[in-house]
Amino acid sequence: MAFGNKKVYGGGCMIDAVRLHLQGIKSALAVRMAYRADFFISILIMLIVEAFGPLVTYLVYKNGASLPGWSMYEALLIQGVFMLSRGISFPFFFGMVWNTIQRVQEGTFDLLLIKPRSVLQMIIVTGFDSEDLGKLLGGIVLFSVSLANIPFPGLLLWLKFAALFFVSLVVMFGFGLILSGLGIVWIGNYRVYEIFYSIANFGMYPANIFSKAVVTFITSVIPIAMLGYIPASQLLGRPAEGTLIAVVVSIIFLFASLLFWKAMFRRYNSAGG
C-alpha cells in the first residue's frame, strides 16, 4: 500500500524481505559484538529479570500454595511458553516499538521515508535488539525443564501447539504495531511498554484463576491468553475453553492493529516541518 509516493508496508518478494531481515540481524550483532563483555552481561541481566516471574511461582509451590488445578511444572510450562513467545518477538520484530519512539523523538524517522522499502519493514529490520536474546534463552530453558517433568506430549498435540504458538506470535506482532503507532504520535514516551506489560502479564497464568469477566476479556476481546496459557494448555492435552474464539479474535486483532498503525502513520509530521 502507498502513502504518498512511499510504501507503508508490503512490496518486494518474500525471499528478498527475509534476506534484508537477516542482513539487519547480522549488522546489529556485529555492532554489539564490538563490545562482547557488555553484550553478554546485558543478556545475562535480561535472563535474570525474566527469571523473576517463574521464581515466584516456584517459591509459591514450595511453600505449600498452588494455582488451583495446576501442578508446579504445568504452571511453569505456561510461563515457559509465554517467555518463548516474547523471546522470539522482542529480538526479531518487537524492537519496532523503541525504534519508532527513538527515531521520531530524534527526527531520524524521516530517513526511513526515503528508503526504497516499506517503512514498516525498515522499522522492524533496523529495530533488532540482540539483548532480548536473553528472553529467548530463558524461555528455552524454562520450557525444556518444565517439559521434562510432565508426560511427554504426542505428535498431534505438538502440531496443535505449533499452530497456536504461531498465533501467539501474531498477537505479539499486533501489539508491536499498536505500540509503534502510539510512538509516532505520543512522542518520546516509553511508558507504552508499561501499558503492554501490565496487560500482557495476564497471559502467563492459567485463565481459570481469574474471574469470568477477566477470562472473557483475555480470550474474546484482546487475546492475551494466547501468549502463553492457550498454547501450553493444548500441549498439556487439556485445551482451554474458548480456544477457537481466541484464534479468530487474534486474526481480527492483527488486521485491526495494521489499520491502527496506518492511521497513526498518516498523522506523522516530518521533523523538518
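The values are calculated or read from the model by the stated rules, or taken from the named source; none is laboratory data. Just so you know, these numbers come straight off a predicted model, no measurement behind them. Neighbour counts are summed over all protein chains in view; Cβ atoms, including those assigned to glycine, are modelled from backbone coordinates with ideal geometry. Just the protein is used for accessible areas: all its heavy atoms, side chains included, with ligands, DNA and RNA removed. Shrake-Rupley method; radii C 1.70, N 1.55, O 1.52, S 1.80 Å.
Name the single residue that is surrounded by the fewest Cβ atoms within 10 Å (Cβ to Cβ) among those in the range 206-229 being within 22 Å of Ala163 (Cβ to Cβ), in contact (Cβ under 8 Å) with a residue 40 or more places away in the chain and not β-branched (Val, Ile, Thr).
Pro206
Inside the range 180-202, can you point out the residues that are of a type in the set (A, V, I, L, M, F, W, C), open to solvent by 30 Å² or more (accessible area, probe 1.4 Å), assigned to a helix (DSSP H, G or I) and touching a residue at least 40 places away in the same chain (Cβ under 8 Å)? Before the answer, list the steps.
Step one: filter the range 180-202 for residues of a type in the set (A, V, I, L, M, F, W, C), giving 182, 184-187, 192, 195-196, 199-200, 202.
Now drop any that are not open to solvent by 30 Å² or more (accessible area, probe 1.4 Å), which leaves 182, 185-187, 195, 199, 202.
Okay, now just the ones that are also assigned to a helix (DSSP H, G or I), so 182, 185, 195, 199, 202.
Hits for the range 180-202 are Leu182, Val185.
Among (1) assigned to a helix (DSSP H, G or I); (2) in contact with a strand residue (DSSP E or B) (Cβ under 8 Å, 6 or more places away or on another chain), there is one condition Arg117 misses while meeting the rest; what is its number?
(1)
Find the residue count for the range 95-114, including only residues that are outside any loop (DSSP other than H, G, I, E, B) and in contact with a Phe, Trp or Tyr (Cβ under 8 Å, 6 or more places away or on another chain).
Residues meeting the conditions: 6.
Among Gly228, Gly237, Gly183, Gly242, which is the only one that is out of contact with any His (no Cβ under 9 Å at 6 or more places or on another chain), of a type in the set (Gly, Ala, Ser) and within 20 Å of Gly95 (Cβ to Cβ)?
On inspection, the qualifying residue turns out to be Gly183.
Check whether at least one residue in the range 252-261 is modelled with pLDDT of 95 or more, of a type in the set (Gly, Ala, Ser) and either open to solvent by 40 Å² or more (accessible area, probe 1.4 Å) or touching a Lys or Arg at 6+ places or on another chain (Cβ under 6 Å) (or both), and report yes or no.
Yes, some residue in the range 252-261 is modelled with pLDDT of 95 or more, of a type in the set (Gly, Ala, Ser) and either open to solvent by 40 Å² or more (accessible area, probe 1.4 Å) or touching a Lys or Arg at 6+ places or on another chain (Cβ under 6 Å) (or both).
Regarding Phe166, is this residue outside any loop (DSSP other than H, G, I, E, B), farther than 21 Å from Phe52 by Cα, open to solvent by less than 50 Å² (accessible area, probe 1.4 Å) and aromatic (Phe, Trp, Tyr)?
The answer is no for Phe166.
Go through Val119, Val125 for me and flag whichever is out of contact with any His (no Cβ under 8 Å at 6 or more places or on another chain) and open to solvent by less than 30 Å² (accessible area, probe 1.4 Å).
Values: Val125 fails: out of contact with any His (no Cβ under 8 Å at 6 or more places or on another chain).
It is Val119.
Quick check: is even one residue across the range 59-71 open to solvent by 60 Å² or more (accessible area, probe 1.4 Å), in a helix (DSSP H, G or I) and free of Cβ contacts under 8 Å to residues at least 12 places away in the same chain?
The answer is yes, given that some residue of the range 59-71 is open to solvent by 60 Å² or more (accessible area, probe 1.4 Å), in a helix (DSSP H, G or I) and free of Cβ contacts under 8 Å to residues at least 12 places away in the same chain.
Considering only the range 184-195, I want to know if a residue exists there that is small (Gly, Ala, Ser), within 30 Å of Gly107 (Cβ to Cβ) and modelled with pLDDT under 90.
Yes, the range 184-195 contains at least one residue that is small (Gly, Ala, Ser), within 30 Å of Gly107 (Cβ to Cβ) and modelled with pLDDT under 90.
I'm checking my understanding of the structure. Among residues of the range 128-160 that are in contact with a Gly (Cβ under 9 Å, 6 or more places away or on another chain) and hydroxyl-bearing (Ser, Thr, Tyr), which one is surrounded by the fewest Cβ atoms within 10 Å (Cβ to Cβ)? Steps first, please.
Of all residues in the range 128-160, those in contact with a Gly (Cβ under 9 Å, 6 or more places away or on another chain) come to 128-129, 132-147, 151, 153-154, 157.
From what is left, the residues that are hydroxyl-bearing (Ser, Thr, Tyr) are 144, 146.
Working: Ser144: 10, Ser146: 24.
Applying the filter and picking the extreme gives Ser144.
Which ones in the range 120-133 are within 14 Å of Gln23 (Cα to Cα), in contact (Cβ under 8 Å) with a residue 60 or more places away in the chain and in a helix (DSSP H, G or I)?
Answer for the range 120-133, where residues must be within 14 Å of Gln23 (Cα to Cα), in contact (Cβ under 8 Å) with a residue 60 or more places away in the chain and in a helix (DSSP H, G or I): Gln121, Ile124, Val125, Ser130.
Output the residues belonging to the range 1-30 that are open to solvent by 60 Å² or more (accessible area, probe 1.4 Å) and modelled with pLDDT of 70 or more.
The answer is Ile15, Val18, Arg19, Leu22, Gln23, Lys26, Ala30.
Would you confirm whether or not the range 230-240 contains a residue that is surrounded by fewer than 14 Cβ atoms within 10 Å (Cβ to Cβ), out of contact with any strand residue (DSSP E or B) (no Cβ under 8 Å at 6 or more places or on another chain), in a helix (DSSP H, G or I) and not hydroxyl-bearing (Ser, Thr, Tyr)?
no
Where residues in the range 242-251 are within 17 Å of Leu157 (Cβ to Cβ) and surrounded by 14 or more Cβ atoms within 10 Å (Cβ to Cβ), which of them is modelled with the highest pLDDT? Working first, answer last.
Taking the range 242-251 and keeping what is within 17 Å of Leu157 (Cβ to Cβ), we get 243-244, 247.
Checking the rest, the ones that are also surrounded by 14 or more Cβ atoms within 10 Å (Cβ to Cβ) come to 243, 247.
On the way: Thr243: 93, Val247: 96.
If we take residues in the range 242-251 being within 17 Å of Leu157 (Cβ to Cβ) and surrounded by 14 or more Cβ atoms within 10 Å (Cβ to Cβ), then Val247 is modelled with the highest pLDDT.
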